[in-house]
Amino acid sequence: MPSRIARRLTDAASRIILGKDHAVRLALACILARGHLLIEDIPGVGKTTLAHVLARLLGLQFQRIQFTSDMLPADIIGVSVFDQRDASFRFHPGPAFAQLLLADEINRATPKAQSALLEAMEERQISAEGQTWRLPEPFFVIATQNPADQIGTFPLPESQLDRFLMRISLGYPDRAAERALLAGEDRRELVAHLPTELQPGELDSLFEAARHIHVGPRLLDYVQALLEHSRAGAGFSLGLSPRAGLGLLAAARAWALLGGRDHVLPEDVQAVLPAVAGHRLRATGDTPLGPDALARRLVEAVPLP
Amino acid sequence: MPSLRRDQVGWLLAGSALTLAPHASHLPPAISALCALLLVWRGFINQRGSRLPHRGLLVVLAAGVVGAVLLEFHQFFGKEPGIALLAGLLSLKLLETDSLRDARAAVLLSFFMQLGQFLYQQNMAIAALALLGTFASIGTLLALQGRAEAFAPRAAAAARLLLQALPLMLVLFLLFPRVQGPLWGLPADAYSAVSGLSDDMRPGDIARVSESAAIAFRAAFEGDPPPPAERYWRGPVLTRFDGRSWRPGPSRRQDQPFYRSSGIARPYTLTLEPHNQHWLLAMDFPGPADGLVYGDDFRLLSREPVRNRLRLELVAHPATPVGLAEDPRTLREALALPPGFNPRTRALGEQLRAAAGRADDIPALAIRHFRDSRLAYTLAPAPLSRNDVDSFLFDTKQGFCEHFAAAFVVTMRAAGVPARVVTGYQGGEINPVDGTLVVRQSDAHAWAEVWLEARGWLRVDPTAASAPRRIDGGLAAALPDMARLPLLARSDLPWLRALRDRVDAVNNSWNQWVLGYNPARQQALVASLGFGDTGWQSLTALMAGSCAVVMGGLTLWALRRMRPGDAIDRSWSRVCRRLAAAGHPRHAWEGPLDYAGRLAREAPEAAPELALIAADYARLRYGPTPADTALLQRFHHSSRKFRPR
């Protein structure tokens with residue numbers, strides 16, 4: 001039962017990331033929808049831990065890159081080194097060759113280094129020295145970044161933000177969670193001993209199940225109405241792209257799977273909308289809106305068909 | 001305030017241009033040019049996305065428009081200056097319009113200007129142009145209301161709206177209580193441009209009327225139309241002659257004919273174009289009819305000047321003997337000749353009287369004399385001297401029908417036979433498309449009437465003596481110089497005539513059924529619907545009822561379209577309606593599960609069973625399609641029984 005497996009995964013993750021059920025679930029939905037995830041938050045709220053937990057639970061081969069401003073593309077994708085024995089260049093794969101790549105503080109790197117990673121995300125392959133190497137299957141990037149108003153950062157442009165299916169933030173834990181966190185064991189220890197929840201092949205069956213969640217014509221009407229309103233309706237100066245529409249549907253399917261349903265409801269779409277649309281929409285007016293306010297503005301303007 | 005989108009301004013400009021363009025036919029050219037310039041300027045601003053002109057400049061321009069109107073009309077009151085002012089102001093308004101509110105005001109003004117076209121003309125072309133303007137204005141309102149959209153779907157939506165208004169328009173047109181004549185007083189310049197006969201006649205007057213191809217009236221006969229020789233339509237009867245001009249004598253009026261109709265009856269429907277006069281141009285001799293006035297000169301008259309197209313059901317009795325017992329004063333008047341005029345014609349008259357044994361033979365002798373004199377029938381006779389009858393009969397020998405009629409009457413009077421001139425129309429043309437007889441201004445005619453003992457007044461048409469084809473074939477057949485005729489009355493362009501016939505037929509039905517829809521027709525319609533009492537109260541009630549039916553039908557249709565079509569949605573809507581009535585409405589964007597969840601938190605007592613219904617609905621509505629029938633039945637059952645507290 002794919003939905004039972006999904007439930008097991010969320011429960012296990014929530015035991016470590018305390019008080020962040022919704023964010024954990026969104027992150028899991030993002031992966032089940034085969035999308036890349038961007039976590040945006042201040043340091044120390046558990047971004048990296050979340051990535052670690054997901055890798056462990058899903059049994060994915062994990063790599064981590066700490067982005068810095070002096071980083072070069074070769075530091076990510078790999079480099080060709082001259083081999084004296086056969087007198088030729090050999091390609092040494094970089095850390096990008098992993099199933100789950102944690103790109104920590106991606107906005108610290110220069111645009112050049114950022115774009116090397118983002119290209120890999122889109123194509124799921126790496127081209128270097130005139131040759132192409134396929135990345136492992138599956139391939140996910142979980143990138144974290146500090147909010148762009150901090151010093152010494154290179155904010156991602158819209159075109160690159162669009163490659164992330166979701167952008168979420170974790171925020172401070174509430175009082176009870178904070179207490180449990182302070183009183184409990186070291187999270188790092190817990191992650192290190194976290195058992196893999198999935199049997200081989202189970203992850204693929206989850207992907208498969210998410211892809212086959214039923215989407216009825218009435219729901220497509222609704223998604224289309226949302227997209228149309230974001231483009232032409234009052235209140236938005238930048239609307240959702242067709243890619244965003246596809247992503248929204250995929251994310252809603254994964255969300256329905258996590259909810260144990262075999263069909264997508266408008267509620268599923270509305271639930272993932274802040275994470276999927278928050279970094280793609282722009283509202284009219286001078287004050288920038290947060291993802292939740294943006295999504296609420298869109299949702300409340302479009303009646304259910 | 002948000003500024004208008006480019007497509008909104010485009011619609012606004014198109015609507016205003018389509019509204020103002022038909023006005024160009026009557027606005028002074030300077031005003032039309034000014035409006036066009038302002039519209040083009042606004043279009044240019046829209047195209048370039050540049051700024052609107054400064055308010056100060058607009059004030060100067062507005063003063064310019066007002067000045068131009070003042071310069072053209074010397075006043076602001078009246079139809080013409082009023083419309084000109086509004087046209088200028090509408091164009092100016094667009095130059096300061098950059099907000100929804102201003103745009104709506106401009107659309108409102110456009111609607112008014114579309115109505116204003118009907119102050120000038122009410123024909124079908126004007127109606128079509130007004131409709132086009134209305135269509136564009138509705139498109140503008142849609143553009144102002146909604147988001148940007150391509151032209152075609154927006155135009156289709158506007159057309160759909162117009163179409164939906166059609167039933168309501170029909171009800172209001174057919175049933176709104178009608179009054180005879182216009183509802184409001186028109187300014188004094190309203191009837192200045194009406195053409196037709198007048199009630200005096202000088203040489204050349206009829207010829208001048210004949211140069212117009214405008215329609216004077218139409219007649220639709222029941223059965224065969226009468227032969228051309230019977231088609232004499234009586235206008236002013238002129239008895240007094242002062243040597244130059246002819247005027248009507250004193251006449252008595254009553255609401256019964258001055259004769260007893262007899263002989264063959266020819267019923268017909270007369271549709272008279274407005275000519276701002278009392279006479280009704282009935283064919284000789286009209287039988288009794290209600291509400292009309294009869295003159296002792298056998299004219300049919302109306303109580304009010306004919307200022308709107310008038311539709312009359314009449315019967316003509318061409319063979320009726322009239323004036324058998326004529327008033328001696330009238331006869332004296334019909335024998336009077338001004339002293340010192342036309343000595344040669346008077347001599348001719350006395351000569352004829354001597355030649356004829358009896359008075360009854362004199363007219364025939366005179367006609368023979370006319371024919372022998374070889375008088376020429378022409379629209380452009382040579383100029384005449386002071387004694388114009390003399391110089392026509394003996395010198396120039398060229399004349400139009402009024403010369404023939406005047407000369408004949410003077411000759412008769414000189415011979416001691418009472419005679420007078422009758423003006424009106426003769427002939428007309430059958431439109432092969434719809435069979436109506438169309439009589440134009442070019443059919444204007446003058447003929448004579450003589451009075452003989454025991455025979456009464458008899459019609460004599462001296463024109464027929466010299467140009468018999470005028471009577472049988474109309475003006476075009478009788479005249480040698482075709483070129484001076486109005487283009488549409490010429491007989492040498494058959495395709496043009498065929499086209500004209502077709503257009504006339506369409507116009508005629510428009511006049512009959514749209515413009516001619518008067519109180520009488522309205523009453524006939526209401527009576528035919530089975531309502532005996534046709535006072536304005538019952539009409540109003542009928543109209544209100546019909547409006548309610550139409551609006552109800554449209555509302556039902558809209559609701560059916562808006563409301564979810566199938567049973568699942570109807571059941572769910574019912575659940576939501578009941579909850580809303582209980583004080584817990586669903587947000588339009590709220591999904592079923594969220595709604596149930598919210599109510600479970602906010603008002604758990606309201607609907608404990610809602611969660612189940614909502615889950616069933618979600619599954620049925622959004623789940624894979626062949627949902628099992630047990631689920632469907634459970635959902636319908638529970639939603640029907642559902643009663644929130």
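No value in this document is a laboratory result; all are computed from the given coordinates. None of these values were measured; they are calculated from a predicted model. Cβ coordinates were reconstructed from backbone atoms using ideal geometry, including for glycine residues, and neighbour counts include every protein chain displayed.
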### Summary
Note, region B:447-452: 3J(HN,Hα) by Karplus (6.51, -1.76, 1.60, θ = phi - 60°), whole Hz, Gly/Pro = x, goes 9, 10, 10, 10, 10, 10
### Rg over Rh [alpha-carbon atoms, Kirkwood Rh] for region A:8-167
1.00
#### Entry: Relative contact order (percent, whole number), chain B, Cα cutoff 8 Å, 6+ residue spacing
12
### Summary
Computed, not fitted: 222 nm per-residue ellipticity of chain B from DSSP H runs ≥ 4 (each -39500 (n - 2.57)), nearest 500, equal to -15500 deg cm²/dmol
#### Entry: Choice from A:200, A:147, A:173 with maximal GNM fluctuation in chain A (Cα, 10 Å cutoff)
A:200
## Note on the structure
per DSSP, antiparallel bridges as share of beta bridges in region A:2-205, % nearest 5, sits at 35
### Query
What ranking do A:156-169, A:257-270, B:537-550 get when scored by the average of other Cβ atoms within 10 Å per residue, highest first?
A:257-270, A:156-169, B:537-550
### Message
Just want the ordering: B:517, B:425, from fewest to most Cβ atoms lying within 10 Å of their own Cβ.
### Response
B:517, B:425
### Message
Considering only C-alpha atoms, what is the centroid distance from region B:515-542 to region A:50-92, in Å?
### Response
92
### Query
What fraction of the DSSP beta bridges in the protein assembly as shown is antiparallel, stated in percent and rounded to the nearest 5?
75
### Summary
Summed over the other residues with a beta carbon less than 12 angstrom from that of residue A:36, with K and R at +1 and D and E at -1, the charge totals +2
#### Entry: Mean residue ellipticity (222 nm) of chain A, computed from DSSP H runs ≥ 4 via -39,500 (n - 2.57), nearest 500
-14000 deg cm²/dmol
### Message
5 Å is the cut-off here: which amide hydrogens, built 1.01 Å from N in the peptide plane, fall below it relative to residue B:589, excluding neighbours closer than 5 in sequence?
### Response
A:304
#### Entry: Alpha-carbon gyration tensor eigenvalues x 5, square-rooted, for region B:6-149, Å
23, 20, 11
### Message
What are the equivalent ellipsoid semi-axes of chain B, built from the alpha-carbon gyration tensor (square roots of five times its eigenvalues), in whole angstrom, biggest first?
### Response
71, 32, 20
### Task
Just rank B:120, B:377, fewest to most, by other beta-carbon atoms within 10 angstrom.
B:120, B:377
#### Entry: Shielding of B:614-623 by partner chains, average beta-carbon count, 10 Å
4
### Query
In whole angstrom, how far apart do the alpha carbon centroids of region B:592-645 and region B:85-140 sit?
52
## Note on the structure
Most exposed to least, judged by fewest other Cβ atoms within 10 Å, B:526, B:66 sort to B:66, B:526
#### Entry: chain A - percent relative contact order, Cα under 8 Å, separation 6 or more
23
### Query
Going by average Cβ neighbours within 10 Å, how do the peptides B:206-215, A:272-281 rank, with the highest at the top?
A:272-281, B:206-215
## Note on the structure
Partner lysines whose C-alpha sits under 28 Å from that of residue B:641, ignoring same-chain residues fewer than 8 away, are none
### Task
List the equivalent ellipsoid semi-axes of the protein assembly as shown in whole Å, largest first, each obtained as the square root of 5λ for an eigenvalue λ of the Cα gyration tensor.
96, 32, 23
### Message
Net charge within 14 Å of residue A:69 by Cβ-Cβ distance, Lys/Arg positive one each and Asp/Glu negative one each, not counting residue A:69 itself?
### Response
-2
### Query
Expressed as an acute angle from 0 to 90° and rounded to the nearest 10, what is the orientation of the C-alpha long axis of helix A:242-258 relative to the principal long axis of chain A?
80
#### Entry: Whole-number percent relative contact order across region A:1-106, with pairs defined as alpha carbons under 8 Å at least 6 apart
24
### Query
To the nearest Å, what is the center-to-center distance of region B:370-405 and region A:188-236, using C-alpha atoms only?
103
### Task
Sum up the charges of everything whose Cβ sits under 14 Å from the Cβ of residue A:158, counting Lys and Arg as +1 and Asp and Glu as -1, but leave residue A:158 out.
+4
### Message
Please list, ordered by chain and number, the residues whose modelled amide H lies under 5 Å from the amide H of residue A:141; skip anything fewer than 5 residues away on the same chain.
### Response
A:37, A:101
### Query
In sequence order, what are the phi-derived ³J(HN,Hα) couplings for region B:328-339 according to the Karplus relation 6.51 cos²θ - 1.76 cosθ + 1.60 with θ = phi - 60°, rounded to whole Hz, with x for glycine and proline?
x, 5, 4, 5, 4, 4, 7, 10, 6, 10, x, x
### Range of Cα positions in region A:213-301 per principal axis (Å), largest first
41, 22, 21
### Task
Apply the Karplus parameterisation 6.51 cos²θ - 1.76 cosθ + 1.60, with θ equal to phi minus 60°, to every residue of region B:255-267 and state each ³J(HN,Hα) to the nearest whole Hz, in sequence, with x for glycine and proline.
9, 10, x, 8, 8, 9, 5, 8, x, 4, 9, 10, x
